[in-house]
1. Can you tell me which of 100, 67, 126 moves the most in a GNM of the chain? Springs connect C-alpha atoms under 10 Å apart.
2. For segment 45-68 and segment 114-138, what is the separation of their Cα centres, given in Å?
3. I want to make sure I understand the PRE zone here: with the label point 7 angstrom from the Cα of residue 31 toward its beta carbon, which residues in segment 106-138 have backbone N atoms less than 19 Å away?
4. What does the C-alpha gyration tensor say about the overall shape of segment 5-149? Classify as rounded when a/c is under 1.5, otherwise prolate if a/b is larger than b/c, or oblate.
5. Which angle from 0 to 90°, rounded to the nearest 10, does the C-alpha axis of helix 126-149 make with the longest principal axis of the chain?
6. Relative to the longest principal Cα axis of the chain, at what angle does helix 51-63 sit, 0 to 90 degrees, rounded to 10?
7. How high is the relative contact order of segment 5-149? Use alpha-carbon pairs under 8 Å, at least six apart in sequence, and give a whole percent.
8. Counting only helical runs of four or more DSSP H residues, what would the 222 nm mean residue ellipticity of the chain come to if each run contributes -39,500 (n - 2.57) and the total is spread over all its residues?
């Protein structure tokens, strides 16, 4: 039986973090793979870790803030090479508490829908940018409604 690359994909979470009608983008540092490209913050799912736990941990580690998950969105598979395939798992979320302290990225930017394509995104994030642009109003409304019920 041949195993498809998707079955060997590295699971990576990312967060579409809404705050005041904008979504957070983070610029990768020069020391990271894909230096200076922009991404939705997140990281690799560790063995035995749930996707949600990974996303919350990564945001705490990378940005120093607490967030709340609204919902998981559809996964996106991206092939960086024949041997490196990632399954990017996006979550809708909102900022609960804390001050942003950058530990890995060199800067963050809160983007409006019209600004989404103004930054140079990492290749795996580009399909998510398109998806977010298409469903912006729906996602923004879900986050706003969820946040106001909390």
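Please treat every number below as a calculation from the coordinates, not as lab data. Since the model is a prediction, treat every value here as computed from it, not as a measurement. Quick reminder, even Gly has a Cβ in these numbers, built from the backbone with ideal geometry, and neighbours come from all protein chains shown.
1. 100
2. Taking the Cα centre of segment 114-138 as reference, the centre of segment 45-68 is 22 Å away.
3. Residues 106-108 fall inside that zone.
4. Details: a/c = 1.31, a/b = 1.30, b/c = 1.01.
Since a/c stays below 1.5, the shape of segment 5-149 is classed as rounded.
5. 40
6. 70
7. Working: 271 pairs, mean separation 44.7, N = 145.
With pairs under 8 Å counted, the relative contact order is 31 percent.
8. On the way: 2 runs with 37 residues, N = 150.
For the chain, the value works out to -8500 deg cm²/dmol.
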